[in-house]
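This report refers to the structure that appears directly beneath it.
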């Protein structure tokens, strides 16, 4: 169980109490989820969605599955569209005024994820506070509150009282005053949509401050830290902020970036804390200092279901609850939230590493995978392979994407488009390491690579510095939670990158 030996203060007392609550939840997780389920059904009873799906007849989880099919965004969009027009009691009681705007990396069409006040306060804000509670519990000598934190966020806009924008911008604009008083930059800068100007102002506002913590997407945080080092002429960030001790991140696999952070920051005692959060909700937190596994947070107003990936691939969408999950199995995550996303397929693949308590790791995205030739390649595989290749060849990447190459006689290959920060001396060796490690990680990939019969050697296309950033800029995806799509079944995205690379 978790013990929190802090000094007697209001803040530490609150955090200590929350640690006890988390322990209580983990001691009886199924009852917690049952209460969440019952509460969600009660809330949705008199909504349009509730009426359309006979919530009044739902008494059990089996009833729930019979009445409501698993849905993707496109299938729930008609309800969301009504909410954006200001109609009330559609997916969730009352009016919804906040919508997190996100989009597929290769698709300009935006998704609008509804954010009720329940989700803001009982899920996203609660998750942020729990990250600090868990961090302080694991690091009782921390002085993280003795200084300020840099929070990188996106931008938002208001249309007829409806606020739409990046999740981080909506959260920043609604934080309680005591949070905003301990962060940088000022709110106007934080919500600016001009990223070049934003990064410059954040640099100016933070250089002479006592910065103890950082929050933001890794790729953008690296750009900011590099800019600050260049601006000040120091060797590393530790020369500017000697008390910096914590970086909180989520949204992408951090491992390909960690070596760059270590070099830029230059503090061997730096702590890195990962969360699994998305526009749709806040789901899990890394709760152990020595493990990348994340504790599934069960009392945030989110009801969890899971579909085995092997069943999903066969278009069988029979879901199970938390009590039936098993270790070493890939699951498609299905959520029902306190914003009215009912049996919503968020698009992530997870695996349970522990069931007492329930801990998970993210394996990839349903739509960000390569299975053109039956290789079943997921982002977790490609991230791990590229991390190892960088380590063995003393190289660093900025970003990468992979797509299939179609070759005659039914054989094919993978094309890796990689932007290096520090290129390997031998690119053939680099790609050989990737290929060998993918064979080690993935038996399907290994089988398809046998004797080059189905998959030939992967090909490398080196991308010039700044090309991925240029693509984001051209497609109005700078900042916030926008990121590069790593694995793609189609060649559309990689061809756009290659055009910019000419």
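For the chain, take the convex hull of the Cα atoms, compute a quarter of its surface area, and give me that in nm², please.
Values: hull surface 94.3 nm².
That works out to 23.6 nm², a quarter of the Cα hull's surface.
Cβ neighbours within 10 Å, averaged per peptide: list 182-193, 89-100 in order, most packed at the top.
Values: 182-193: 17.5, 89-100: 21.2.
Most protected by this proxy first, the peptides run 89-100, 182-193.
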Report summary line: antiparallel share of DSSP beta bridges within region 202-359, to nearest 5, in %, is 70 percent
Query raised in the report: Once a ≥ b ≥ c are taken as the square roots of the eigenvalues of the Cα gyration tensor of region 121-217, is the result rounded (a/c under 1.5), prolate (a/b larger than b/c) or oblate (a/b not larger than b/c)?
Result: oblate
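Based on the inverse mean of 1/r over its pairs of different Cα atoms, what is the Kirkwood hydrodynamic radius of region 375-450, in Å?
Values: mean 1/r = 0.0776 Å⁻¹.
Mean inverse Cα-Cα distance, inverted, gives 12.9 Å.
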Report task. Take peptides 462-468, 364-370 and line them up by average Cβ neighbours within 10 Å, highest first, as a rough protection proxy. Result -> 364-370, 462-468
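Give me the Å³ per residue figure for the convex hull around the C-alpha atoms of region 289-426. Let's see the in-between values first.
Values: hull volume 22.3 nm³, N = 138.
In region 289-426, the Cα convex hull volume per residue is 161 Å³.
Which ordering of 41, 362 is given by a fewest-first count of other beta-carbon atoms within 10 Å?
Values: 41 19, 362 23.
Ascending Cβ contact count within 10 Å gives the list 41, 362.
Restricting to bridges with both residues inside region 1-367, how much of the DSSP beta-bridge set is antiparallel, in percent to the nearest 5?
Within region 1-367, antiparallel bridges account for around 65 percent of the total.
Compute the Cα gyration tensor for region 349-502, then decide on rounded, prolate or oblate, letting a ≥ b ≥ c be the square roots of its eigenvalues: rounded whenever a/c is under 1.5, prolate when a/b is larger than b/c in the other cases, and oblate in all that remain.
The shape class here is rounded.
For n ≥ 4 DSSP H runs only, could you compute -39500 (n - 2.57) per run for the chain, divide by its residues and tell me the 222 nm figure to the nearest 500?
Details: 18 runs with 185 residues, N = 502.
The helix contribution divided over the chain gives -11000 deg cm²/dmol.
Every number here is computed from the coordinates shown, using simple stated rules; none is lab data. Model, not experiment: these values are computed from the prediction. Neighbour counts are summed over all protein chains in view; Cβ atoms, including those assigned to glycine, are modelled from backbone coordinates with ideal geometry.
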